[in-house]
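Quick notes on the structure that follows.
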Amino acid sequence: MGNAMKVFVSHRHRDSAWAKSLVKQLQARGFEVWLDESELRRGDDLAEQIRQAVRESDTVVSVIGGHQPSPNVLVEMGMALAQGKRVLPIVIDSETDISTLADFTRLHSIRTNDAEQAAEAIATFASQESGDSV
């Protein structure tokens, strides 16, 4: 997968099952996906591994459930934005309101709790942004 688009998936622990489903859908579409639960090992420097993964990614997908994103998801989104990365929030709960998050309201976001639908939207968004196919 040398030329595969690299996607970092950010999520809170409570949304892990949904994030894993999204990862499978993205991998089936040819994306190279980084998910903490799949990549981190006991003894790893968590913060450094995440910084490196964000740095090496083309796009950061932030899974947002509940009323607001977790602090870790916000930090990872901020890191990505500071590096000029594409950030794509996926809002999976109908009660979630990201309009109060000033820096993130300008981002294109996807609202769905269907991982397959989200993966298709990410693929479409990524190909439009890069000007070619995934």
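The values are calculated or read from the model by the stated rules, or taken from the named source; none is laboratory data. The shown structure was predicted, so the numbers you read here are calculated from the model rather than taken from an experiment. Virtual Cβ from ideal backbone geometry, glycine too; neighbours counted across all protein chains shown.
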For the stretch 13-36, enumerate the residues that are modelled with pLDDT under 90 and either closer than 18 Å to THR59 by Cα or β-branched (Val, Ile, Thr) (or both).
-> TRP34, LEU35, ASP36
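Taking the stretch 14-34, which residues are touching a residue at least 24 places away in the same chain (Cβ under 8 Å) and part of a helix (DSSP H, G or I)? Talk me through it step by step, then tell me what you get.
Kept after step one, since they are touching a residue at least 24 places away in the same chain (Cβ under 8 Å), are these residues of the stretch 14-34: 14-15, 18-19, 21-22, 24-26, 28-34.
Matches in the stretch 14-34: ARG14, ASP15, TRP18, ALA19, SER21, LEU22, LYS24, GLN25, LEU26, ALA28.
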Output for the stretch 50-65, where each listed residue is part of a helix (DSSP H, G or I) and in contact with an Asp or Glu (Cβ under 8 Å, 6 or more places away or on another chain) | ILE50, ALA53, VAL54
Extreme residue, modelled with the lowest pLDDT, among residues of the stretch 84-134 that are farther than 14 Å from PHE31 by Cα and in a helix (DSSP H, G or I) | ALA102
May I ask you to list the residues in the stretch 56-85 that are in contact (Cβ under 8 Å) with a residue 60 or more places away in the chain, farther than 16 Å from PHE125 by Cβ and crowded, with 17+ Cβ neighbours inside 10 Å?
-> VAL73, GLU76
